């Protein structure tokens, strides 16, 4: 087996992985989209209420937006946690013997 064969095999594996990721993304999008449409249609069919249908549509759209942007939200939350923790330092007094903390009356 030559190095050219290994490079071609690596390229094929990389292409297959990329294709798998794209298919997974497509399936998640299709399944979530169909579930969204079915929930809105079922709500309208069962209640015939415009208000309830709009609430389901807005709620479903919010869920779809969160799922579509989950990696961005995950990274943003991680950055917020890291930066908030980096700016604060916690220090506590170290008691070595019979001292009391300020505000304690010894009881």
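A short reminder: the numbers here are calculations on the coordinates, not readings from a lab. Computed from a predicted model, the values in this text were never measured in an experiment. A quick note on method: Cβ atoms are made from the backbone with ideal geometry, for glycine too, and the neighbour counts reach across all protein chains shown.
Here the stretch 3-84 yields Rg over Rh of 1.25, to two decimals, using C-alpha coordinates and the Kirkwood radius. Site pair residue 44 and residue 17 shows an inter-label distance of 4.4 nm when each label is modelled 7 Å from Cα along Cα→Cβ.
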